[in-house]
Amino acid sequence: MRRLGNIAIRVEANSEIGLGHLRRCLTLAKQLFEDGFCVYIVSLSSISHDLLQGFHHICMRNIYRNLAKSNIFANNFNKELLDAECTLIAIRNLSIDWVVLDSYNLGIWWEQRVAESGYKILVIDDFRNREHYADIVLSDIDIPFDKNLLKKSTNCHQLVGLRYALIDSHFIAVKNSDQDCTVQDNRKKILISYGGSDPTGETIKVLKSIKLLMKSHPSFKQEVSTDVVVGCFNSQLKTIKKISKNLDEVKIHYAPESLASLLKNADIFLTSGGNSMIEGLFMQKKCLITTTAENQILSVMCLLKQNLINYLGHYNKVNSHIICDFLLKAIKNHSGFKINHNLVCDHLGASRVSHMLQLIMSK
């Protein structure tokens, strides 16, 4: 395999932010590796070896602690610049060509400091109101970045829209396969997945709604079966198990490596407005979306405008009555329920991003 260069990806995965950032970065990392790059995952927190899918990992925790105590930051403490210095120390002997940043806690100060050290910068961002100092800005939301917020004097390339969605190639393999591990019947299969941590407790809300429907609609038990995905950072596993135990035809899947097989067999997909939503669109499923963080709103509103998803609302406004209403419409194939049967995104987003990196390097 030809050697193209070395890439560092600065990203986090923990109980506070979940797995979404890491998952899309790993999708990009796999494509970059296949194309000939050596990829390093750089984080402040430790990340389980099982989540890293074999990629080199650099944990900066000790570097961060030591540098934070030093005289450099004693009187002028700035978390972004501190993190940037830690990142530079962590990668200084690796002959890195590109640094990829996927973080809402780090921004233009971090980007400028790393760029000043000679690295090219690719930033993944779901917002459109932040300044950047980057060679590439990447987003699967079909809204361009404001050029006035892109501060690098040389041209900053914008890779925006669903054609740049970072979807793992495993999804296309499963989608095109004849695999079907479900018993063929007429029941609607519901899939519930709210990411690695589900901090707002959406999984429990949906399970309680299903319980209500089973009481109020006796036929509901015979009409549906449910798969529940619980992420590795979800602190509510015991409660989810307790509720599920009292429900018929509910199966819990703890931290599966991929949603691909479960999505292939699902009819209705309840999730938040992150990576899993894009995967649900790729698999052409009925998506019932609850936004659980501010960074999801722009993407969800854009997809809602295109009639590609069904939006329940922001998590603090979504209750059991709203969920029950949407579930009933989905199961009964209500005429007002939205499902797009056309493929709105493919699995080539990561490949397109890799191609742009190579193109810039060749100039």
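The values are calculated or read from the model by the stated rules, or taken from the named source; none is laboratory data. None of these values were measured; they are calculated from a predicted model. Here Cβ is always computed from backbone atoms with ideal geometry, including for glycine, and neighbour counts include all displayed protein chains. Quick note on the areas: whole protein, heavy atoms, side chains included, nothing else; ligands and nucleic acids left out. Shrake-Rupley method; radii C 1.70, N 1.55, O 1.52, S 1.80 Å.
With coordinates expressed along the principal axes, the C-alpha atoms belonging to the chain extend over 66, 41, 40 Å, beginning with the largest. Extension gain for the segment Lys147 to Asn78, taken as residue separation times 0.36 nm less the Cα-Cα distance, is 22.2 nm to one decimal. Taking a straight line from the alpha carbon of Lys147, these aspartates and glutamates sit under 19 Å away, with near neighbours fewer than eight places off in the same chain left out: Glu111, Asp125, Asp126, Glu131, Asp135.
The orientation-averaged projected area of the convex hull spanned by the Cα atoms of the range 134-224 comes to 10.2 nm².
Rounded to the nearest whole Å³, what is the per residue volume of the convex hull around the Cα atoms of the range 1-77?
Convex hull of Cα atoms, per residue: 111 Å³.
The aspartates and glutamates within cross-link reach of Lys332, meaning a Cα-to-Cα straight distance under 17 Å and a gap of 8 or more places when in the same chain, are Asp185, Glu223, Asp267.
3J(HN,Hα) along the range 138-153, derived from phi through the Karplus expression 6.51 cos²θ - 1.76 cosθ + 1.60 where θ = phi - 60°, amounts to 10, 7, 8, 8, 7, 9, x, 6, 6, 4, 5, 9, 9, 9, 6, 5 Hz, with x in place of Gly and Pro.
Over 18 Å between Cα atoms: which of Lys175/Lys285; Lys211/Lys251; Lys79/Lys151; Lys120/Lys151; Lys242/Lys285 fall into that group? Among Lys175/Lys285; Lys211/Lys251; Lys79/Lys151; Lys120/Lys151; Lys242/Lys285, the Cα-Cα distance tops 18 Å for Lys79/Lys151; Lys242/Lys285. Here the range 1-136 is treated as a Stokes sphere of Kirkwood radius computed over C-alpha pairs; at 4 °C and 1.567 mPa s its diffusion coefficient rounds to 85 µm²/s.
As an exercise, identify the trypsin sites (Lys or Arg not before Pro) in the range 46-130 lying in DSSP coil whose Cβ has no more than 15 other Cβ atoms within 10 Å.
Those satisfying the criteria are Lys69, Arg92, Arg128, Arg130.
What whole-number value in Å² describes the accessible area per residue of the range 231-297 for a 1.4 Å probe?
Values: 2750 Å² over 67 residues.
Accessible surface, normalised per residue, equals 41 Å².
Along each principal axis, taking the top coordinate minus the bottom one, the Cα set of the range 76-205 gives 62, 33, 31 Å in descending order. Rolling a 1.4 Å probe over the protein chains gives Glu223 an accessible area of about 50 Å².
Considering only C-alpha atoms, what is the centroid distance from the range 288-363 to the range 1-61, in Å? Distance between centres, Cα-based: 25 Å.
Compute, for the chain, the length of the dipole vector about the Cα centre, with Cβ point charges of +1 (Lys, Arg) and -1 (Asp, Glu) only. Units Debye, rounded to 20.
620
Here the accessible area is traced with a 1.4 Å probe on the protein chains. For the range 1-157, carbon and sulfur cover 46 percent of it. Amide H to amide H, with H built 1.01 Å from N, His132 comes under 5 Å of Leu150, Lys151, counting only residues 5 or more places away or on other chains.
Could you give the distance between the Cα centres of the range 71-142 and the range 223-284, to the whole Å? The two parts, judged by their Cα centres, are 34 Å apart. In order along the range 122-133, the phi-based Karplus estimate (6.51 cos²θ - 1.76 cosθ + 1.60, θ = phi - 60°) of 3J(HN,Hα) comes to 10, 10, 9, 8, 9, 8, 10, 10, 10, 6, 9, 10 Hz; Gly and Pro are listed as x. In the frame of its principal axes, the range 270-363 has Cα extents of 57, 29, 18 Å, reported largest first. Here the contact order of the chain, divided by its residue count and restricted to Cα pairs under 8 Å and six or more residues apart, works out to 16 percent. For Val100, the amide hydrogen comes within under 5 Å of the amide hydrogens of Ala8, Ile9, Arg10, Leu122, counting only partners 5 or more places away or on other chains and with H modelled in the peptide plane.
What is the ratio of the Cα radius of gyration of the range 117-176 to 2.2 N^0.38 Å, where N is its residue count, to two decimals? Numbers along the way, then the final one.
Values: Rg = 13.8 Å, N = 60, 2.2 N^0.38 = 10.4 Å.
My calculation over the Cα atoms of the range 117-176 gives 1.33.
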